[in-house]
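All remarks here apply to the structure that follows.
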Amino acid sequence: MAGPPIRIQDTLTGGLRELEPRREGRVGIYVCGPTVYGRIHVGNARPYVMFALFKRFLEHEGYDVTLVENVTDINDKIYAAARERGVASGVLAQEMAALYRADTDRLGLERPDSEPLASETLAEIVALIEALIDSGHAYESGGDVYFSVRSFAGYGKLSNRRLEDLAPQDQGEEPDEGKARKRDPLDFALWKAHKPDEDTSWESPWGPGRPGWHIECSAMSEKVLGLDFEIHGGGSDLVFPHHENEIAQTEAARGLPLARIWMHNGMIRFGEEKMAKSVGNVATLADALDRHGRDALVAFFLGGHYRQPLAYSEERMEEAAQALRRLTEFDRLLARAGDLAAGDSGPGTEALREEFLAALRDDFNTPKALAALFKLVAEGNRRLGAGEPLPGAAAVFAELLQVLGLETLRDRVEEIDEEALRLLGEREDARRSRDFDRADAVRAELLSRGWVVRDTPEGPVLVPAE
Ligand SMILES: [Zn+2]
């Protein structure tokens, strides 16, 4: 059974909407994934992390969630990048898709439930285009097929654009691309006839060619989740034309909404600009993981509300690392506090737990949830540090860390228990028997494992070596 209502800012209606599943307790989410023509950067990783964590939260609330993130492996950008590198486009797409999976695996957030490829959805794409032609919303022209924008009355409703304000290049195509074959300059391509400089093509009723980008997502989302599913997500840069066109295609062909809620994440900035390959100011996800580790990267994303732009910088990453150190220290305090922090939650911990969950139920406000978590840390430091009980602190802390994808902090503390804590005890024994050479040797061994011994009034503790 699902819990209290969950509200999400919906780009389509422009307001908060309550999550109302088609089937009680089940939520389908489709997120536009990467176009695989290069390594993904920190900006591309934001929707991956954010929707993985949103799924975790929904599961915590009792929902059964299916998260779908496609991989666009047929696209203009892939042909261009492959030509530049002198490799076959299919080879490049496969190589980059494998690297995308390897890079995102390192985030330790589990894979989406389904990761459909455009190249494996051709039959559904062709069938959807045929349905659009049959219903008069699309037409074939010289081996291309175009969507007739003016045939769909709702066009522009997602991005609040009026047809009279649109220019052909707004469709993300070259100004003269298909110009001669379009009936109306605002129309966009569903199918593109094979061009001599493209090294792949697929058979269709309109001759060999390949699908346009927008129709791929309409077909893949319907194939896996059906129609009128709960949440369609992606970066705010996809609202127009990509998502506007997805809506037009699916609604025109099927007469049903594509999705109920349109949930968009803000862009990652590098200085003043959006992080984008086209701008050339990218930090790859792999580099960021090498430099900062997955915990700091997850904490960095949690520190900003998903809809707001977020600046990636060394300062912000250091802030994230500091927040993690406070959480790790607190987990060690909980371990030392033992019974004082054990048991079911009492009024103090339960109120903070509720505050945390209420923040996430209100448009997945992770900064507000983090603030509630740090209130628990402050209260715990005060009470447990003074030797007073805070019932349930250990269990609630572990539960909330898991929702945020930071339970790995606790694994690290448990690792200390097994290996380093034994050494720490050995050092204490050596000191007590005044065998200082042995004590120093153990300290050196701990350092080689990445731990520094810090002597505190409560006894020696281990802190990560800097
Ligand atoms: Zn898409």
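The values are calculated or read from the model by the stated rules, or taken from the named source; none is laboratory data. Bear in mind that the values here come from a model prediction, so they are computed numbers and not experimental data. In this analysis, Cβ positions are derived from the backbone assuming ideal geometry, glycine residues included, and neighbour counts consider all displayed protein chains.
Screening R26, R56, R101 for residues that are basic (K, R), modelled with pLDDT of 95 or more, at negative phi and crowded, with 17+ Cβ neighbours inside 10 Å leaves exactly one candidate, R56.
Which of the following residues is free of Cβ contacts under 8 Å to residues at least 12 places away in the same chain, assigned by TED's automatic domain parsing to the domain that holds G43 and not in a strand (DSSP E or B): P196, P112? Being free of Cβ contacts under 8 Å to residues at least 12 places away in the same chain, assigned by TED's automatic domain parsing to the domain that holds G43 and not in a strand (DSSP E or B) holds for just one of P196, P112, which is P196. For I74, the conditions (1) within 22 Å of G226 (Cα to Cα); (2) within 16 Å of the ligand (Cβ to nearest atom) all hold with the exception of (1). Name the pairs: first residue in region 202-219 and within 12 Å of E120 (Cα to Cα), second residue hydroxyl-bearing (S, T, Y) and within 16 Å of the ligand (Cβ to nearest atom), Cβ to Cβ under 6 Å, at least 6 apart or on different chains? Filtered contacts from region 202-219: A219/T121. The set of residues in region 225-243 being within 14 Å of R161 (Cα to Cα) and surrounded by 24 or more Cβ atoms within 10 Å (Cβ to Cβ) consists of H243 alone. Determine if region 230-253 includes at least one residue that is away from the ligand (no atom under 16 Å from the Cβ), in the same structural domain as S135 (by TED's automatic domain parsing) and outside any helix (DSSP H, G or I). Yes, region 230-253 contains at least one residue that is away from the ligand (no atom under 16 Å from the Cβ), in the same structural domain as S135 (by TED's automatic domain parsing) and outside any helix (DSSP H, G or I).
Listed here are the residues, each with its yes/no results for (1) over 28 Å from A98 (Cα atoms); (2) at pLDDT 95 or above.
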position: I8; (1), (2): yes, yes
position: L12; (1), (2): yes, yes
position: H41; (1), (2): no, no
position: E69; (1), (2): no, yes
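Here A259 qualifies as closer than 27 Å to M50 by Cβ, within 15 Å of the ligand (Cβ to nearest atom), touching a strand residue (DSSP E or B) at 6+ places or on another chain (Cβ under 9 Å) and among the small types (G, A, S). When the test is whether a residue is on the phi < 0 side of the Ramachandran plot, assigned by TED's automatic domain parsing to the domain that holds R23 and not in a helix (DSSP H, G or I), R39 passes it.
Residues in region 125-153 that are among the acidic types (D, E) and surrounded by fewer than 19 Cβ atoms within 10 Å (Cβ to Cβ) were compared, and the one that is nearest to the chain's Cα centre (by Cα) is E130. Can you work out which of the residues in region 18-49 that are among the aliphatic types (A, V, I, L, M) and within 16 Å of the ligand (Cβ to nearest atom) is nearest to the chain's Cα centre (by Cα)? So, considering only residues that are among the aliphatic types (A, V, I, L, M) and within 16 Å of the ligand (Cβ to nearest atom), the one nearest to the chain's Cα centre (by Cα) is V31. When L370, L401, L352 are checked against the criterion of being part of a helix (DSSP H, G or I), touching a residue at least 24 places away in the same chain (Cβ under 8 Å), touching a Phe, Trp or Tyr at 6+ places or on another chain (Cβ under 9 Å) and not assigned by TED's automatic domain parsing to the domain that holds L16, a single residue qualifies: L370. Only one of the numbered conditions (1) surrounded by 16 or more Cβ atoms within 10 Å (Cβ to Cβ); (2) free of Cβ contacts under 8 Å to residues at least 60 places away in the same chain; (3) in contact with a Ser or Thr (Cβ under 8 Å, 6 or more places away or on another chain) is not met by R183, and that is (1).
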